[in-house]
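The values are calculated or read from the model by the stated rules, or taken from the named source; none is laboratory data. Values in this document were obtained by computation on a predicted structure and should not be read as measured data. When we count neighbours, we look across all protein chains shown, and the Cβ atoms used for this are built from the backbone with ideal geometry, even at glycine.
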Amino acid sequence: MGISQDALRQLRLLVRPMATRLANSIARAVVQRVDDSTRMQLVQLGVLAGEDVDDAEHFQPYGFKSVPLAGAEAVVLFPNGDRAHPLVVVVDDRRNRPDTWQAGEAGLYNDAGAIVRLKANGDIEIGQAGGSFSALAKAGHTHDTSGLTAGGDPVLGSLGASTSNTSRLKAE
């Protein structure tokens, strides 16, 4: 027993609104402008050809903050396919993203090339992309970083865990 062409046509008509909502609920976008002066960062996006979205809320992980550059790429959600209240869930910028890290590594970076890298072996590095890195902490060693300053202000307390291998770093 097959389904008639008429029944298929009616089924397609019933499903079309749900399919449209689903298709319109997630999109890739390009950041055009960022307003970081509000309690929740607002982003202007170019979503589709000719479709600009203003005041999309940019959700960022608690404790982390960034202000993306124009031209960065975003993933934006439109709950229920409603384009009136967009939610930006992630922004990345392939122009500045370090690409030679190993599995298990994490870190912070910016467009000027400043990097804090948490290496897979437990070491922590700070430095400039394409430049030299200073080992801030070696896995299994204690480092006295009370002398580490940025702009004359102390920035870190003690890092590390077990042995007495200490060093002082100054980043000014």
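Being more than 30 Å from residue 126 (Cβ to Cβ) and over 16 Å from the mean Cα position of the chain (by Cα) is true for just one of 12, 28. Which residue is that? Give the steps one after another, and end with the answer.
Details: 28 fails: over 16 Å from the mean Cα position of the chain (by Cα).
Result of the check over 12, 28: 12.
Screening residue 69 with (1) touching a residue at least 40 places away in the same chain (Cβ under 8 Å); (2) of a type in the set (A, V, I, L, M, F, W, C); (3) not assigned by TED's automatic domain parsing to the domain that holds residue 25 gives one miss only, at (3). Are any residues in region 21-40 assigned to a strand (DSSP E or B), at pLDDT below 95 and among the small types (Gly, Ala, Ser), and if so, which ones? Across region 21-40, the qualifying residue is only 27. Among the residues of this structure, residue 115 does not count as one that is β-branched (Val, Ile, Thr), modelled with pLDDT of 50 or more, over 18 Å from the mean Cα position of the chain (by Cα) and assigned to a strand (DSSP E or B).
Yes or no: region 72-90 includes at least one residue that is out of contact with any Cys (no Cβ under 9 Å at 6 or more places or on another chain), over 24 Å from residue 27 (Cα atoms) and part of a strand (DSSP E or B). No - not one qualifying residue is present in region 72-90.
Which one is nearest to residue 16 (Cα to Cα) among residues in region 71-84 that are surrounded by 12 or more Cβ atoms within 10 Å (Cβ to Cβ) and hydrophobic (A, V, I, L, M, F, W, C)? The extreme case among them is 78. Here is a check on your reading of the model: is residue 56 touching a Pro at 6+ places or on another chain (Cβ under 7 Å), over 30 Å from residue 122 (Cα atoms) and either free of Cβ contacts under 8 Å to residues at least 24 places away in the same chain or surrounded by 13 or more Cβ atoms within 10 Å (Cβ to Cβ) (or both)? Against the criterion (touching a Pro at 6+ places or on another chain (Cβ under 7 Å), over 30 Å from residue 122 (Cα atoms) and either free of Cβ contacts under 8 Å to residues at least 24 places away in the same chain or surrounded by 13 or more Cβ atoms within 10 Å (Cβ to Cβ) (or both)), residue 56 qualifies.
Quick check on residue 15: is it among the β-branched types (Val, Ile, Thr) and touching a strand residue (DSSP E or B) at 6+ places or on another chain (Cβ under 9 Å)? Talk me through it step by step, then tell me what you get.
On the way: among the β-branched types (Val, Ile, Thr): yes; touching a strand residue (DSSP E or B) at 6+ places or on another chain (Cβ under 9 Å): no.
In short, no.
Among residues of region 41-70 being closer than 19 Å to residue 23 by Cβ and not in a strand (DSSP E or B), the one that is nearest to the chain's Cα centre (by Cα) is 47.
Could you please find all residues in region 91-108 being part of a strand (DSSP E or B) and not small (Gly, Ala, Ser)? I'd like the intermediate steps shown before the answer.
Filtering region 91-108 down to residues part of a strand (DSSP E or B) leaves 91-92, 106-108.
91, 92, 108, listed by residue number.
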